[in-house]
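One structure is given here, and the rest of the page talks about it.
The values are calculated or read from the model by the stated rules, or taken from the named source; none is laboratory data. These numbers come from a predicted model, not from an experiment. Neighbour counts are summed over all protein chains in view; Cβ atoms, including those assigned to glycine, are modelled from backbone coordinates with ideal geometry. Side chains are part of the model used for accessible areas, which takes the heavy atoms of the whole protein and leaves out ligands, DNA and RNA. Shrake-Rupley method; radii C 1.70, N 1.55, O 1.52, S 1.80 Å.
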Amino acid sequence: MPHLVEEARRQLRHHGDAARDVVIDLSSLPPTSACAPLLMLFTLVRRLLSADAGVVVTGVNPALRACLVAELPTGVTVVDRRGRRWSS
């Protein structure tokens, strides 16, 4: 989780106020990761973005997809490891 937070911070600093999506890559997380902290991270990052930007979560393990999509915040899209896009 700490490396995900740091990467999100780096992207937010780099983009500033520009309407750009922030990409969070979960491909290195084990399939047993808890969904609640991830959903909180997505929500916090989404709140920091402009209305035109979103959060794209890539590399999602199929074992996590179901719990993430069930409570996915508006403006957040999940892309699984096969490239399929899921939203709330």
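Among the residues of the range 28-71, how many are more than 17 Å from Ala8 (Cβ to Cβ), of a type in the set (Gly, Ala, Ser), open to solvent by 70 Å² or more (accessible area, probe 1.4 Å) and part of a loop (DSSP other than H, G, I, E, B)?
1
What number goes with the only condition from (1) at pLDDT 80 or above; (2) in contact with a strand residue (DSSP E or B) (Cβ under 9 Å, 6 or more places away or on another chain) that Arg65 does not pass?
(1)
Looking at the range 65-75, is at least one residue over 12 Å from the mean Cα position of the chain (by Cα) and of a type in the set (Ser, Thr, Tyr)?
Kept after step one, since they are over 12 Å from the mean Cα position of the chain (by Cα), are these residues of the range 65-75: 66-67, 70-71.
If we keep only those that are of a type in the set (Ser, Thr, Tyr) as well, we get none.
No - not one qualifying residue is present in the range 65-75.
Residue by residue through the range 72-86, note down the ones that are open to solvent by 70 Å² or more (accessible area, probe 1.4 Å) and not in a loop (DSSP other than H, G, I, E, B).
Going through the range 72-86, the residues open to solvent by 70 Å² or more (accessible area, probe 1.4 Å) turn out to be 74, 81-82, 84-86.
Once the filter is applied, which keeps residues that are open to solvent by 70 Å² or more (accessible area, probe 1.4 Å) and not in a loop (DSSP other than H, G, I, E, B), the range 72-86 yields Arg85, Trp86.
Can you find a residue in the range 8-18 that is surrounded by 19 or more Cβ atoms within 10 Å (Cβ to Cβ), in a helix (DSSP H, G or I) and modelled with pLDDT under 85?
The initial filter retains those residues of the range 8-18 that are surrounded by 19 or more Cβ atoms within 10 Å (Cβ to Cβ), namely 8.
Restricting the remaining residues to those that are in a helix (DSSP H, G or I) gives 8.
Within this subset, residues satisfying the condition of being modelled with pLDDT under 85 are 8.
Looking through the range 8-18, at least one residue is surrounded by 19 or more Cβ atoms within 10 Å (Cβ to Cβ), in a helix (DSSP H, G or I) and modelled with pLDDT under 85.
Quickly run through the range 59-81 and pick out the residues that are in contact with a Gly (Cβ under 9 Å, 6 or more places away or on another chain) and closer than 12 Å to Ser27 by Cα.
Val79, Asp80, Arg81
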